[in-house]
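First comes the structure, then the notes that go with it.
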Amino acid sequence: MRQLDNELYTKIRNDIKGLAKEIGEEEGFLLIVEKNAAGVFYAPDQLDISDKIIKKYNLKASKTK
């Protein structure tokens with residue numbers, strides 16, 4: 001069960017990294033960080049692109065089913 005969990009987590013994380021790169025290039029971002037990752041003390045909400053990444057991920061996932 002743990003192995004499957006790790007495999008799924010790794011796949012989703014890699015997919016999200018790819019989508020973040022795509023959005024970053026399209027919109028001219030210089031840096032995209034995981035807000036919950038260590039080292040991020042503050043990030044203004046208007047710079048949060050989590051919703052965009054989630055929407056793109058859901059769209060991509062629905063096309064692969």
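The values are calculated or read from the model by the stated rules, or taken from the named source; none is laboratory data. Just so we're clear, the structure is a prediction, and the values are computed from it rather than from any experiment. Here Cβ is always computed from backbone atoms with ideal geometry, including for glycine, and neighbour counts include all displayed protein chains. Remember, those area values only see protein heavy atoms, side chains included, never the ligands or the DNA or RNA. Shrake-Rupley method; radii C 1.70, N 1.55, O 1.52, S 1.80 Å.
Observations on the structure shown:
- Against the criterion of being assigned to a helix (DSSP H, G or I) and open to solvent by 70 Å² or more (accessible area, probe 1.4 Å), K56 does not qualify.
- Selection from region 14-26 of residues that are open to solvent by less than 80 Å² (accessible area, probe 1.4 Å) and under 18 Å from N58 (Cβ atoms): D15, I16, G18, L19, A20, E22, I23
- Filter pass, A38 being free of Cβ contacts under 8 Å to residues at least 12 places away in the same chain, small (G, A, S) and open to solvent by less than 70 Å² (accessible area, probe 1.4 Å): no
- Number of the condition not met by F29 [criteria: (1) at pLDDT 90 or above; (2) surrounded by 10 or more Cβ atoms within 10 Å (Cβ to Cβ)]: (1)
- Of the listed requirements (1) open to solvent by 90 Å² or more (accessible area, probe 1.4 Å); (2) at pLDDT below 90, P44 misses just one: (1).
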